[in-house]
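Reviewing the structure listed below.
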Amino acid sequence: MIALADGIPLVQLEDGQVVAFERDWLLRALLQAAAKAGYQKWWLAEHVTESVMAYLALQFEENVVSVPRLVQAVQSVLQVIGYGEIAPYVAPGAPGVRLSLVDLARDAGTGYELAFFDQLGRRLQTLLRGGTTYLELVGLTPCVKQLRSRKCWSRECDALQAEIVSFVRTQTCNVPAQEEISVKLF
């Protein structure tokens, strides 16, 4: 028998890939659906997310839930609480991707900024062309220190950090997307 974290089943994406359920993924999908239905910053999104998670943990008996079945559960909750107008807009995309800038810097080698930017650009393009709409780029400060070979922050670090942020913005704007792309850089 397989014990799942918090009793929450895995999610089978439409391409057949099976991934761990991510609370924030469902919350983002609900907030986007609510915004499309005219509810900006919908205050019930957190509660609906928790309700769906409770259903999956306590009443869903399978170890894997498909995205269409998950959408059906979300739409059901929305109908029950009187927000059925949001239901048609619920369409969770691919789960978010977390990319370590420190790992890219380490792979590029200390002081090899060009190799770092090349790797980062290729990685971003691959993810964005693959349909990823939510990216978390983590480790910006340690990445900059590693690339600059610094233990303490300097003006040179400020300049490289600004260059990385600008590069990420340019890369994400250059990819035609049907959905809005969200990027967190920290």
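Which members of segment 84-111 meet the condition of being open to solvent by 20 Å² or more (accessible area, probe 1.4 Å) and in contact with a Pro (Cβ under 9 Å, 6 or more places away or on another chain)? Once the filter is applied, which keeps residues that are open to solvent by 20 Å² or more (accessible area, probe 1.4 Å) and in contact with a Pro (Cβ under 9 Å, 6 or more places away or on another chain), segment 84-111 yields only Val102.
Of everything in segment 43-94 that is among the β-branched types (Val, Ile, Thr) and not in a helix (DSSP H, G or I), the residue that is farthest from Glu22 (Cα to Cα) is Ile81. Here Arg148 meets the list (1) in contact with an Asp or Glu (Cβ under 8 Å, 6 or more places away or on another chain); (2) within 25 Å of Cys173 (Cα to Cα) almost entirely, failing just condition (2).
Quick one: Pro176 ticks every box in (1) within 20 Å of Ala94 (Cα to Cα); (2) surrounded by 13 or more Cβ atoms within 10 Å (Cβ to Cβ) bar one, so which box is it? Among (1) within 20 Å of Ala94 (Cα to Cα); (2) surrounded by 13 or more Cβ atoms within 10 Å (Cβ to Cβ), Pro176 violates only (2). The residues listed here are Asp15, Asp24, Asp6; of these, the one that is touching a residue at least 60 places away in the same chain (Cβ under 8 Å) and open to solvent by 80 Å² or more (accessible area, probe 1.4 Å) is Asp24.
Considered as a group, the residues in segment 131-156 that are surrounded by 17 or more Cβ atoms within 10 Å (Cβ to Cβ) and assigned to a helix (DSSP H, G or I) include one that is farthest from the chain's Cα centre (by Cα), and that residue is Arg148. The residue pairs whose first member lies in segment 151-162 and is of a type in the set (Lys, Arg), whose second member is open to solvent by less than 60 Å² (accessible area, probe 1.4 Å), and whose beta carbons are closer than 6 Å, counting only pairs six or more residues apart or on different chains, do not exist in this structure.
The values are calculated or read from the model by the stated rules, or taken from the named source; none is laboratory data. Computed from a predicted model, the values in this text were never measured in an experiment. Cβ: placed from backbone, ideal geometry, glycine included. Neighbour counts: every protein chain shown. These area figures cover heavy atoms from the full protein model, side chains too; ligands, DNA and RNA do not enter into them. Shrake-Rupley method; radii C 1.70, N 1.55, O 1.52, S 1.80 Å.
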